[in-house]
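Worksheet for the structure shown next.
The values are calculated or read from the model by the stated rules, or taken from the named source; none is laboratory data. Computed from a prediction, not measured in an experiment: that's the story for all the values here. We place every Cβ from the backbone using ideal geometry, glycine too, and count neighbours over all the protein chains shown. Note: accessible area is taken over every heavy atom of the protein model, side chains too, but ligands, DNA and RNA are not part of it. Shrake-Rupley method; radii C 1.70, N 1.55, O 1.52, S 1.80 Å.
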Protein chains: 2
Amino acid sequence: MAQDPLVIFTPSGKRGRVTPGTRVLDAARQLGVDLDSVCGGRGICSKCQVAPAFGDFPKHGVTARPEALSDWNAVEERYDRVRGLKSGRRLGCQAQILGDMVIDVPAESQVHRQVVRKDAAVRDITMDAATRLYYVEVAEPDMHEPSGDFERLARALEAQWNIPAVTAAPSLLMKLQKVLRKGDWKVTVAVFADHHEGAAKILEIWPGLHEDGLYGLAIDLGSTTIAAHLCDLGTGEVKGSAGIMNPQIRFGEDLMSRVSYAMMNPGGEVEMTAAVRTALNTLFAEIARDAGIDPALIVETVVVCNPVMHHLLLGFDPVELGQAPFALATSSALALDAAMLELTAINPRAQTYLLPCIAGHVGADAAAVALAEEPDKSEDLVLIVDVGTNAELLLGDRTRVLACSSPTGPAFEGAQISSGQRAAPGAIERIEIDPATKEPRFRVIGCDLWSDDPGFAAATAQTGITGICGSGIIEAVAEMRMAGLLDPSGLIGSAEQTGTPRCEPDGRTHAYLIHDASAEGGARITVTQGDIRAIQLAKSALYAGARLLMDERGVDRVARVVLAGAFGAHISPKHAMVLGMIPDVPLDRVSSAGNAAGTGARIALCNRAARARIEAEVRRITKVETAIAPRFQEHFVAANAIPHAVDPFPELRAVVTLPEVSFNTGGDGDRGGRRRRRRA
Amino acid sequence: MAQDPLVIFTPSGKRGRVTPGTRVLDAARQLGVDLDSVCGGRGICSKCQVAPAFGDFPKHGVTARPEALSDWNAVEERYDRVRGLKSGRRLGCQAQILGDMVIDVPAESQVHRQVVRKDAAVRDITMDAATRLYYVEVAEPDMHEPSGDFERLARALEAQWNIPAVTAAPSLLMKLQKVLRKGDWKVTVAVFADHHEGAAKILEIWPGLHEDGLYGLAIDLGSTTIAAHLCDLGTGEVKGSAGIMNPQIRFGEDLMSRVSYAMMNPGGEVEMTAAVRTALNTLFAEIARDAGIDPALIVETVVVCNPVMHHLLLGFDPVELGQAPFALATSSALALDAAMLELTAINPRAQTYLLPCIAGHVGADAAAVALAEEPDKSEDLVLIVDVGTNAELLLGDRTRVLACSSPTGPAFEGAQISSGQRAAPGAIERIEIDPATKEPRFRVIGCDLWSDDPGFAAATAQTGITGICGSGIIEAVAEMRMAGLLDPSGLIGSAEQTGTPRCEPDGRTHAYLIHDASAEGGARITVTQGDIRAIQLAKSALYAGARLLMDERGVDRVARVVLAGAFGAHISPKHAMVLGMIPDVPLDRVSSAGNAAGTGARIALCNRAARARIEAEVRRITKVETAIAPRFQEHFVAANAIPHAVDPFPELRAVVTLPEVSFNTGGDGDRGGRRRRRRA
């Protein structure tokens, strides 16, 4: 008796012998090969397309002859005629294996396909969304066995897809009977089954085969901006991205002023909750419209945000987050009906997942960064810094991860800086100061030329030169230090001391003039002593947080630094180190992770196991509270100086404590007040 | 070494030796004795009160000396001073066992106490509500261990009450932080954990010890009236009852006209759903106000109803229930947030449980009757008949239970009867006709006198005598038959044939005059030939349903009959049998179960295991569909005659089929039309 045909699947390499006449889809299932199918092998969804290979395969020890696969059958012919089948492709549920075969499963036919990295912000994600489509054929009602339509649908899902004990909300049951009859008892259902135990839920139902896909939104809910990515839950593909200002800004620029607003105004948190929910719905509608996707096909959302935004989204009064001991209402991950958050612009039964918060100051956004950057899997000790109004810091490696937050304030975002502005066209983002001449050159957002390049004036005529954004001010301060315009304590020298008239008197201190277009009615842009102080406070807080984690971990250096966050992507690592924002590491060991929190949200959206993983990891992370660590204040004071620096930096980091620096004078008063409120 | 003290708990009889100094509550737990506690043994809730007994107990082999129990301690003294402790009572969490003891646990200190039967409608219910109160002491927040307030509450519930993995809705989390702080980290929570697997849910939270109880509503949602009982979920006590008309009546008197309304009017089901939900909220508010109970303390509702009401409550279009094969959207029991049904007049996180439907015509109300009457536990074969516009029938015993419904139409409710009316003061409810004189005497609702008693006229002057209600018309027809005014076919004889001028011409047939107050402007009440035909149709349908179940079961008699439903309670079993509504059994084997559906709802409300029991039982019940059983029509035709009868009935039930009876003439035409619509 001849041996059964040997079949080898690529790229998995899984192989085995099957009975002649076995369908490729069945062979894949028998051998544990990841081959997709929505229709369950009925020849209508085409998700199980495969590419048979013929010829000699010495590596596999197989010769595959064309007759090893059955001829095209009527189903394949019809499918090819009506919808078109790519050359060399067969329907896995139709083609039968008759002889030894090598069969390739293309990426788009794999359920758990890898999302290919396209840019820095796209990680390799293995697709395993919580919501999937299933095509089922449901038994018709029978008076002799008077079960409900839903019960017969549930039985079909169990029999045909091995999904037991499915449930459905009343709003789904409301449409069930019509859809079943419209589809002549053949329907496609979207079934949600996340990483938690418990029954799967039917979120949506369509007559016949539904092929328009399923979508989810990964939402990075920031204090200032809200960004969302619309992802295909089958392929992981990003179908659209959009951002919107967080309308809560009108209740307070930074988080603590919003907490204050809630404290001072009874019902204030209700207003802020309503505002952010409305903004999310607006954003969802816009992103779906731009992508040309029916909002009803959006069945999942994943939200990452800091603890205050987390509470304000959920409708919790954030007042406890404004005072010690900074108690969260809940720190766990939450899986909810989106309708509970009044997210009504998407499918009415859409699900929402909020990542867990790490601590009262370290939110779901930091958890998302941990999910995206995986410090817990790092072989070397990595410091991950997500810079914002509050900086979140993660330090760790495979053995242990620690987290804290540090109140950097809004200076890095250009706020409380005399010529500061948000990153927008016209803002200075890069600066160099010649150490010899003390003359600056700079670049503005929206123009690739430097200010001393020919054509710069014409190229920036439209936008003008309007101010300095966060990355610009960091470079400005670092460059001023390297050009000898600042002493280690951060004091700006006079024109006489520095030898440049750009160091001009400004009250009792001095300011450095970068650009003056006031004669033409434009801006006069300087860096004042107050600006330097604000940046010193912010960078000291950031550095002190990092040092505190290093103390807890018992180390005095880290192997690499990752700058996360939209802002992090624009910071020059060199200048950050000159400034003393981050601990010293070789320059090539500093990388930018882009919007790691947003990436973490996308990972949690596309892979339900990632949800379980981050929930477990957050429980393991050691939480360090800067507010009660006496060493934080010590590090903060010690980090105030701007270490003497030349470029490139050979022997940086001789931290000099200069007692004459005072935090409670001039423009810093308000800042100190805010810190006291925050840390009361 | 002396032996450890022997302690005997009554009434359970559980006994064992405990270490001297063991608290009575701990001893009870060690020995598996059912002793309540909400505060977990902290001496504040007093739920664990016990009555120690002293003296010689030869039966138990124990002599209990007063010194066998510790003296009153400060906690008990304070409790007695502030709140009063009944004579002879001790707090089980304070009193310590020092010597041999007999300790009685009074009923009110048992968690799973029996609800004592008070009237026919109150079954013995073992209390085991899905929602219970737990007092917990929660750890305060700690910056060194920055878990959320909810996570610490959940940990406390697990540690102190062994309730793992509790969850809470965002609306509960919204108030959590304030309540925890108000109660100084001591709170009482209402935790819902029904018969399904899965996490327990916190429905409500109060600062400190909450002692105002928890309540639930058992709702019998009928086509005509909605009745609700407000029950204490701790004791099972009924705190209030109220009823309200079903406002859907304006869309159609009977169920099939409501289904037609939904068919004919797009969105009609939405209107009807809104109407019934509004009515329920009105009813809930009224019942809570009358009972003086805060509606927020109502945390559960259980609803029983027929399939059409079931769908209209849930917002499902009932159209499929109006046509073969009568497919339910869902037949399973449903456990939902009450808010999903817009039941907003109670606690916002209240839970709703709908009993399962048995089949497209046999609803959750019939399941509730099965739960209350337990035919599956009956030693003898019982027929349970719930009479209404549709009659539901259950036939069975321990071996097997069968169910069907039968379209009796509204005649039994006084509709489609010439002098018919709903049961209300002034309606004739009892009738006797003297076989010799053919003269009637009767009683009306609201008066205990018979019409030939002295003072009757004066006693009924207020209400008048306005018509005949359902039980009255049944008696009238049966009495007319027994008095020789009707032939077996149901034909009313003429004055000449019957010898009484009360049999007066009425078109081509005759009518029997019961009461004539027309001279004084009152009603003239007769039983017409049309009335007889309507009753014959109704009773034939009922009887045919019973016979069909008996055929399926292979029997030609039943051991006993239970008449359920408000109407069933008022039917005279004798007259029902004379009429041939129900199969013959000895008169003492006919009983009334009152509102068994409502009782079933209360059982499901008070005992979560009952929910599992009825769900399993409904799966086991054999469903018989009258619409597709050829024998149903045969039985229906055969049952049309009114068997020759004398009173008391010795040899009843010689069913005579009289072919001259026609269902399609006169006033019966409309009825037939409705049946056809229903059974199309």
7 Å along Cα→Cβ for the label point: how many nanometres lie between A:Glu271 and each equivalent label in the other copies, listed shortest first?
4.2
Taking A:Glu108 in one copy and the same position in all the others, each labelled 7 Å out along Cα→Cβ, what are the pairwise distances from the first, in nm, shortest first?
7.4
Quick check: pseudo-label points 7 Å beyond the Cα along Cα→Cβ at A:Glu77 and B:Met340, how many nm apart are they?
4.9
Per-q log10 I(q)/I(0), chain A, q = 0.06, 0.08, 0.12 Å⁻¹ (Debye; single scatterer per alpha-carbon; no solvent)
-0.43, -0.71, -1.22
³J(HN,Hα) computed for each position of region B:523-537 - Karplus, 6.51 cos²θ - 1.76 cosθ + 1.60, integer Hz, glycine/proline x:
8, 10, 10, 10, 10, 8, 4, x, 4, 4, 4, 4, 5, 4, 4
Region A:428-472: translational diffusion in µm²/s, Stokes-Einstein, Kirkwood Rh over Cα pairs, 25 °C, 0.890 mPa s:
225
What share of the DSSP beta bridges in chain A is antiparallel, in percent to the nearest 5?
70
Helix-only CD estimate at 222 nm, as mean residue ellipticity for chain A, using -39500 (n - 2.57) per DSSP H run (n ≥ 4):
-9000 deg cm²/dmol
Grab the eigenvalues of the alpha-carbon gyration tensor for the protein assembly as shown, scale each by 5, take roots, and send me the semi-axes largest first in whole angstrom.
74, 41, 31
Using a Förster distance of 51 Å, how high is the FRET efficiency between B:Ser12 and B:Thr509, based on the Cβ-Cβ distance and rounded to 0.05?
0.15
Computed for A with B: buried accessible area summed over both chains, 1.4 Å probe, rounded to 100 Å², at 3400
Taking every residue of B:174-181, the Cβ atoms of other protein chains inside 10 Å of its Cβ average out to 4
Kirkwood-based Rg to Rh ratio, region A:90-230, C-alpha trace
1.05
Karplus-derived 3J(HN,Hα), 6.51/-1.76/1.60, for each residue of region B:406-412, Hz, glycine and proline x
9, x, 6, x, x, 4, 5
Mean Cα-pair separation over length for chain B, i.e. relative contact order, pairs under 8 Å, 6 or more apart, %:
11
Between B:His196 and B:Thr235, how high is the FRET efficiency from 1/(1 + (r/R0)^6) when r is the Cβ-Cβ distance and R₀ = 22 Å? Nearest 0.05.
0.35
Computed E for A:Ser257/A:Val319 - FRET, C-beta separation, R0 22 angstrom, nearest 0.05
0.95
Kindly rank A:254-261, B:266-273, A:462-469, B:297-304 from highest to lowest mean number of other beta carbons found within 10 Å of each residue.
B:297-304, A:254-261, A:462-469, B:266-273
Inter-chain shielding metric for A:190-197, i.e. average beta-carbon neighbours from other chains within 10 angstrom, reads 1
Keeping every protein chain present and rolling a 1.4 Å probe, give me the accessible area per residue for region A:220-292 in Å².
39
Let me make sure I get this right: for region A:252-400, a, b and c are the square roots of the gyration tensor eigenvalues over alpha carbons, sorted descending. Under 1.5 in a/c it's rounded, otherwise prolate if a/b > b/c, else oblate. Which is it?
oblate
Could you tell me whether region A:121-177 comes out rounded, prolate or oblate from its Cα gyration tensor? Rule is a ≥ b ≥ c as square roots of the eigenvalues, rounded for a/c under 1.5, then prolate if a/b exceeds b/c, otherwise oblate.
prolate
Go through region A:125-187 and name the GluC sites (Glu not before Pro) that are in a DSSP coil and have 14 or fewer other Cβ atoms within 10 Å of their Cβ.
none
Relative to the compact-globule scaling 2.2 N^0.38 Å, provide the ratio for the alpha-carbon radius of gyration of region A:215-306.
1.19
Cα Rg, Dmax, region A:62-169, angstrom units
19.8, 61
Region A:1-95 - accessible surface per residue (Å², probe 1.4 Å):
51
Relative contact order of region B:417-497, please, whole-number percent, based on alpha carbon pairs below 8 angstrom and at least 6 residues apart.
34
Cα-based Rg and Dmax for region B:142-212, where Dmax is the largest Cα-Cα distance (Å)
12.1, 39
Could you rank the peptides A:195-208, A:506-519, A:90-103, B:339-352 by their average count of other C-beta atoms within 10 Å per residue, with the highest value first?
A:90-103, B:339-352, A:195-208, A:506-519
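Obtain the radius of gyration and the Kirkwood radius of region B:356-473 from its C-alpha atoms and give Rg over Rh.
So for region B:356-473, dividing Rg by the Kirkwood Rh gives 1.14.
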Where a ≥ b ≥ c are the square roots of the eigenvalues of the C-alpha gyration tensor, would you call region A:586-627 rounded, which needs a/c under 1.5, or, failing that, prolate if a/b is larger than b/c, or oblate?
oblate
Taking every Cα atom in region A:412-501, find the radius of gyration and the maximum pairwise distance Dmax, and write them in Å.
13.6, 39
For region B:15-59, which trypsin sites (Lys or Arg not before Pro) are in a loop by DSSP, counting at most 12 other Cβ atoms within 10 Å?
B:Lys59
The alpha-carbon center of region A:503-544 and that of region B:483-553 are separated, in whole Å, by 105
Sort the following peptides by mean Cβ neighbour count (other Cβ atoms within 10 Å, averaged over residues), highest first: B:163-172, A:582-591.
B:163-172, A:582-591
Quick one: of B:Lys178/B:Lys201; A:Lys623/B:Lys182; A:Lys201/B:Lys47; A:Lys86/A:Lys178; B:Lys201/B:Lys623, which pairs are farther than 30 Å apart, Cα to Cα?
A:Lys201/B:Lys47; A:Lys86/A:Lys178; B:Lys201/B:Lys623
Report for the protein assembly as shown the percent antiparallel among DSSP-assigned beta bridges with both residues inside it, nearest 5.
70
What average count of beta carbons from other chains do you get within 10 Å of the Cβ of residues in B:319-330?
6
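Pairs of alpha-carbon atoms within less than 8 angstrom and 6+ residues apart define the contacts here; what relative contact order does region A:272-397 have, in percent? Spell out each step's value before the answer.
On the way: 200 pairs, mean separation 30.2, N = 126.
Dividing the mean separation by the residue count of region A:272-397 yields 24 percent.
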Starting from the exponent 0.38 and prefactor 2.2 Å, build the expected Rg for region A:481-635 from its residue count and divide its actual Cα Rg by it.
1.37
The orientation-averaged projected area of the Cα convex hull of region B:450-509, in nm², is 5.5
State, to one decimal in nm, how far the label point of A:Glu520 lies from the label point of B:Thr225, with both points 7 Å from Cα in the Cβ direction.
8.9
For region B:159-287, what log10 I(q)/I(0) values come out of the Debye formula at q = 0.12, 0.20, 0.21 1/Å, with one point per alpha carbon and no solvent?
-0.69, -1.11, -1.15
Once neighbouring chains are kept in place and the probe is 1.4 Å, which whole percent of the accessible area of chain B is contributed by carbon and sulfur?
52
